[in-house]
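The structure follows.
What follows draws every value from the coordinates through simple rules; no lab data is involved. The shown structure was predicted, so the numbers you read here are calculated from the model rather than taken from an experiment.
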Amino acid sequence: MKNEAAALLLAVQFLTRIPIPSRDLYSATRMVASVRYYPLVGLFIGCISAAAFLVSGLLVPHPIAVLLAIAVGLLVTGGFHEDGLADTFDGIGGGIDRARALEIMKDSRLGTYGTLALIVCIALKASSLILLPVSIVAAALIMGHGMSRLSSLLVIATSRYVRGEGTGKPVAESASALTIITATVTCAVIVILWCHFLPPMAMACAIVGLVLGHGFMRLFFEPKLGGYTGDTLGAVQQMSELGFYLGLLAWL
């Protein structure tokens with residue numbers, strides 16, 4: 001039980017900027033185990049964003065409340081996944097081959113492709129949430145953040161890590177059956193709860209959108225890289241989250 005609690009805290013530490021006491025917390029085994037809690041941490045991040053939306057919605061118009069919710073999410077994660085999205089687009093867009101793409105993705109500077117990808121992705125997320133009914137936005141934020149972390153985990157389970165080292169290396173061998181089952185059950189429980197209070201068809205459309213976002217992103221980087229990196233996991237999370245919101249919007 002102690003090891004599982006430590007693995008959960010490591011997942012929070014890895015995916016967010018929330019201060020976590022790290023003394024005697026890290027071990028290679030716990031780091032591998034922490035991946036199974038990524039969707040749960042995503043749900044936690046979504047809850048914080050949803051709370052920001054609900055509270056600010058009492059004071060400001062709906063569109064501003066959505067933007068504030070997104071901003072709070074960025075503060076909580078430090079733009080961790082958005083950075084991966086930008087690096088992925090810079091690398092794939094500017095790299096003539098695999099080696100050059102990986103080299104560009106390691107560069108800390110932000111290029112044209114990455115800048116445009118960030119602008120379009122955040123604008124589409126904001127627009128989708130603004131156009132959703134107020135009663136659904138909070139639930140959409142919670143589910144979008146949680147389900148999109150499961151989407152990234154599925155990349156780890158079905159592809160290979162292509163760097164010798166990097167942010168994705170510690171979790172590259174972590175997609176055990178227990179990890180996949182734990183993460184999937186976490187999201188399944190929340191889906192069931194959603195369907196008790198909101199239309200099941202809305203969730204079905206949202207999941208279709210998430211799958212399309214997941215597939216698009218992998219078709220974008222895998223042919224050139226032959227696998228994934230830590231940056232591309234962030235890109236998959238972002239596109240899956242966006243696809244989730246667009247799916248909900250399509251349901252309307």
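Helix by helix, which DSSP H runs in the chain go 18 Å or more along their axis at the Cα atoms and have an average Kyte-Doolittle hydropathy of 0.5 or more?
Answer set is 2-15, 38-56, 62-77, 112-131, 134-158, 177-197, 200-225, 230-251.
Also, I was wondering about something else. At 20 °C and 1.002 mPa s, grab the translational diffusion coefficient of segment 29-81 from Stokes-Einstein with a Kirkwood Rh over Cα pairs, rounded to a whole number in µm² per second.
178
Please state the relative contact order of the chain as a whole percent: Cα pairs under 8 Å, 6+ residues apart? If you can, show how the numbers build up before the last one.
On the way: 390 pairs, mean separation 65.9, N = 252.
After rounding, I find 26 percent.
Under 5 Å between amide H atoms, partner at least 5 residues away or on a different chain: which partners does TYR228 have, H built in plane at 1.01 Å?
The list, which skips near neighbours in sequence, is ARG160, TYR161, VAL162.
Let me ask something else. Going Cα to Cα from LYS224, which aspartates and glutamates come in below 19 Å? Please leave out same-chain ones fewer than 8 positions away.
Candidates past the 8-residue exclusion: ASP87, ASP90, ASP97, GLU103, ASP107, GLU165.
If you don't mind, there's one more thing I want to ask. At 4 °C and 1.567 mPa s, grab the translational diffusion coefficient of segment 194-234 from Stokes-Einstein with a Kirkwood Rh over Cα pairs, rounded to a whole number in µm² per second.
The calculation lands on 109 µm²/s.
When only Cα pairs under 8 Å and 6 or more residues apart are kept, what is the percent relative contact order across segment 1-83?
Value for segment 1-83: 32 percent.
Restricting to DSSP H runs of at least four residues, report the calculated mean residue ellipticity at 222 nm for the chain, -39500 (n - 2.57) per run over all residues, nearest 500 deg cm²/dmol.
So the helix-based figure for the chain works out to -26000 deg cm²/dmol.
For a test of the definition: using alpha carbon positions, the gyration tensor, and the 1.5 limit on a/c, classify segment 1-123 as rounded, prolate or oblate.
Oblate shape, in that a/c is at least 1.5 and b/c is the bigger or equal ratio.
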